[in-house]
Amino acid sequence: MTGTTSPADSAAGRAAAASRALYRQEDYIRTLQDLSHGELRDQMKETVSLEKAAIQEWLDSGDCYIISLAGKVHLPTCDSMKRFVDRDSAWFTNLRFPQRLQGESPDEDPIPVWPILRTRAQIEAMPRRTACPLCKPDLAHLDKARRAITWTYLPARSLNSKHFSTEFRLPNGSLLGALTRISTVETIDGLLFTAEFEHAEAPVTDPDTELMYQTGMRALA
Ligand SMILES: [Zn+2]
């Protein structure tokens, strides 16, 4: 990586994570059973304030993106991320109904989801990324960098031993992995072609299958 500190590694981030982790510990959960609703609320408010400090520190850094569970990259200001970024609303239901933490929750896990916080460098290191169409984070130069990759296309029939250990993909981008074996066997029905790849579920048997591999990066104008 680029040496950028992950938002989760900051002091505030660690404190918030530790506070959240408590709710996953069995003996801690048992102690919650004995608390009054008022005590439970105080306990939660402490966690909320640590989480808010961590979010604020991350926002103040100015280098902040969120990855949604669907894998899209969002700005912290995105409407669809509000319920994760605003920790008061994330905890609102639990604060209103503290008994949710004492096993009376219809949700399997009553602890609100913590967003996946990322820096720009971390986003750039992702092999694939899609910008949220609502908040439209400015990832243009990243997309350009991706387009700058040049590919060489060839039909499977053109594979030969010099392609061993070259990493192949199908033209739609799905990974086949390194070529590990090629064979053409004469059978009663004609030639039987087989090309095997490290990550492919099944060998490629149609010699006309189009494949591609990366040949370099085109210089950007
Ligand atoms: Zn968004």
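Bear in mind that the values in this text are calculations on the coordinates, not laboratory data. Only a predicted model underlies this, so the values are computations on that prediction, with no experimental measurement involved. Note that each Cβ is placed from the backbone with ideal geometry, even for glycine, and that neighbours are counted across all protein chains shown.
Which lysines does K136 reach when only Cα atoms under 19 Å apart count, and residues fewer than 8 places away in its own chain are ignored?
K136 reaches K72, K82, K144.
Between the helical axis of 87-96 and the dominant principal axis of the chain, each derived from Cα atoms, what acute angle in degrees is found, rounded to the nearest 10?
Result, in degrees: 50.
For S174, what charge total do you get from the other residues with a beta carbon under 14 Å from its beta carbon, if Lys and Arg give +1 and Asp and Glu give -1?
Net of charged neighbours comes to -2.
State the answer as a single residue: which of P98, G177, Y28 lies farthest towards the positive end of the charge dipole of the chain, with beta carbon charges of +1 for Lys and Arg and -1 for Asp and Glu, about the Cα centre.
Highest projection toward the positive end goes to G177.
Figure the gain on full extension for A178 and E57 (residue separation times 0.36 nm, minus the Cα-Cα span) and round it to one decimal in nm.
Values: separation 121, 0.36 × 121 = 43.56 nm, distance 4.32 nm.
Working it through step by step, the gained length comes to 39.2 nm.
All other residues with a Cβ under 12 Å from the Cβ of C135 taken together, and with Lys, Arg as +1 and Asp, Glu as -1, what is their net charge?
That works out to +1.
Write out the trypsin sites (Lys or Arg not before Pro) in segment 157-221 meeting two conditions: DSSP loop, and at most 14 other Cβ atoms within 10 Å of their Cβ.
R218
Just to be sure I understand the model, the point goes 7 Å from the Cα along the line to the Cβ. What's the resulting A15 to E46 distance in nm?
1.3 nm
Say each of R157 and E124 gets a label point 7 Å from the Cα, pointing the same way as Cα to Cβ; how far apart are those two points in nm?
4.4 nm
Run through segment 86-194 and list the GluC sites (Glu not before Pro) located in a DSSP loop whose Cβ has at most 12 other Cβ atoms within 10 Å.
Within segment 86-194, the qualifying GluC sites (Glu not before Pro) (loop, at most 12 other Cβ atoms within 10 Å) are E104, E108.
In percent, what relative contact order does the chain have, based on Cα pairs under 8 Å that are 6 or more apart in sequence? Can you show the working numbers first?
On the way: 290 pairs, mean separation 37.4, N = 221.
With pairs under 8 Å counted, the relative contact order is 17 percent.
Please give me the summed charge of the neighbours of L40: other residues whose Cβ is under 13 Å from its Cβ, Lys and Arg +1, Asp and Glu -1. Show your work: numbers first, answer last.
Values: positive: R41, K45, R96, R100; negative: D34, E39, D42, E46, E104.
So the environment of L40 carries a net charge of -1.
Express in nm, to one decimal, how much length is gained between E198 and Y213 on full extension, taking 0.36 nm for each residue of separation and deducting their alpha carbon distance.
Result: 4.0 nm gained on full extension.
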